[in-house]
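Visitor: Dropping a structure here in structure tokens format, bear with me for questions.
Nothing in this text is a laboratory measurement; each read-out follows from the coordinates by a stated rule. On a predicted model such as this, the values are computed, not experimentally measured, just so you know. Neighbour counts run over all protein chains shown; Cβ positions are idealised from the backbone, glycine included.
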Amino acid sequence: MTRPEAFRRALLRHFDETRRDLPWRTARTPYRVLVSEFMLQQTRAQTAAPYYARWLRRFPGWSALADASRDDVLLAWKGLGYYARAANLHRTAVVVRERHGGCLPRDPSVLKTLPGVGEYTAGAVASIAFGACVPAVDGNVRRVLSRLMDAPRPSPSELRVEAARLLDPKRPGDFNEALMELGATVCTPRSPRCGVCPVADCCRALAAGTVAERPALRPKRPVRHVAYAVAVAVDGQGRTLVVRRPEKGLLAGMWEFPSAEIADSGSGGAIEAAARARLAGLGVGGEGAMSGRRCRPSVRLVPVRHAFTHMQATYHPVVLPCTTRNLAAVAKSGLVVRVDELAGLALPVAQQKIGEQLATMLAGGGGEGSV
Ligand code: SF4
């Protein structure tokens, strides 16, 4: 069994000498630690870094974030993905202000009651922001511990017990970060650099020659394929309609072109029919003549594919001409905006790509062809 003292010494010495210069490692406050932990869920440090800097300029503390509109919050998160994190962070700011006097709770069990804060985030924040002696097991730490223990599929409770046993009570926050950093930079999934690993002497998988098999791969879940007909209504002034997604679930609260799920093998005619039916459901008649000259009627744009963690979505956009009066009539169920204003909305990546195609088409090019 790995001796904790030797392990801590080797790990923290390596961390002190090699730690990456990341923006959330300076001027730490509980707010900043929580923001960075939300951003780092499912996202690499290099990707999150510019978003973190922009976020702090836009929302420097709890009050600024709690006061912000949902659209402002989603817009600041735009491009980072997994938008539920932004919504949860926003809700957390409100809860911190209203129920905790503007101070993040220190107790991990109370932290876990905040929106979007689970076991890992509570441990990371409590240890890094407040020096609490609690472990934090994320995906990187799971992999490192699985190899150190030479355990193919350690359970969450086994991982927590081992992480707590190794944890340095004098520097719990640094220790947790050091273990995560080891997983991100040395004990990587496919090519672990055991030759330079500071804790190689403690690694059972290395001794047993089983590093490549630890942790054992989880059986892959089958990926669901879903197709959508997307109604891109455009009036003669180059304005289009977007609607708000439901408050819960995938891409909650973001804007999108109206869409309807269709059979994966939908023909061009079926796609347009579904898109028109969706618009009709919103009260927009799609048959009105275009009053402008720049947009051909009923044009299919290039399909856009997007991979979510649990499904592969294909969006089939169809540009449908509408009169200005049609669009104005539905302003209550959605938002009527000029195409160049789409960039200022919290649109998911796939919807942004549709908007870009539309802008190109209105400028005089693009489109797959008339339906
Ligand atoms: S020796 Fe290799 S497998 Fe073991 S912890 Fe270090 S990098 Fe990971």
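Visitor: Normalised by the residues of the chain, what does the relative contact order come to in percent, with Cα pairs under 8 Å and at least six apart?
Guide: Rounded, it is 15 percent for the chain.
Visitor: Pick out which of 350, 231, 273 has the largest mean-square fluctuation in a Gaussian network model of the chain, springs linking Cα atoms closer than 10 Å.
Guide: Taking springs between Cα atoms under 10 Å, the residue moving most is 273.
Visitor: Follow-up. At 1.002 mPa s and 20 °C, plugging the Kirkwood radius over alpha-carbon pairs of region 191-265 into Stokes-Einstein gives what diffusion coefficient in µm²/s?
Guide: Numbers: Rh = 17.9 Å.
Answer from the Stokes-Einstein relation: 119 µm²/s.
Visitor: Okay, moving on. What's the whole-number percent of alpha carbon pairs in the chain lying beyond 27 angstrom?
Guide: 57 percent
Visitor: Oh, and also: Can you pull the one-decimal nm distance between simple spin-label points at residue 201 and residue 57, each 7 Å off the Cα toward Cβ?
Guide: A separation of 4.7 nm, rounded to one decimal place.
Visitor: A follow-up question, please. Rank-order 211-224, 53-66 by packing density, defined as the average count of other C-beta atoms within 10 Å over each peptide's residues, highest first. Walk me through the numbers before you get to the answer.
Guide: Values: 211-224: 11.5, 53-66: 16.4.
Per-residue mean Cβ counts within 10 Å order the peptides as 53-66, 211-224.
Visitor: Based on other C-beta atoms within 10 Å, arrange 38, 7, 257 from fewest to most. List each step's numbers first, then the result.
Guide: Values: 38 25, 7 20, 257 28.
In order of increasing Cβ crowding within 10 Å: 7, 38, 257.
Visitor: In percent, what relative contact order does region 43-143 have, based on Cα pairs under 8 Å that are 6 or more apart in sequence?
Guide: Relative CO of region 43-143 lands at 18 percent.
Visitor: Given the -39500 (n - 2.57) contribution per DSSP H run of 4+ residues, what per-residue ellipticity at 222 nm results for the chain, rounded to the nearest 500 deg cm²/dmol?
Guide: Rounded to the nearest 500, it is -13000 deg cm²/dmol.
Visitor: Can you tell me the order of 99-108, 319-328 when each peptide is scored by its average per-residue count of other Cβ atoms within 10 angstrom, highest first?
Guide: Top of the packing list down: 319-328, 99-108.
Visitor: Checking the table 78/170; 248/353; 220/248 against a 29 Å threshold on Cα-Cα, which pairs fail? Write down the numbers at each step before the final one.
Guide: Working: 78/170 38 Å; 248/353 23 Å; 220/248 26 Å.
Violating the 29 Å limit, Cα to Cα: 78/170.
Visitor: I would also like to ask the following. Looking at the chain, what % of its DSSP beta bridges pair antiparallel, to the nearest 5?
Guide: 65 percent
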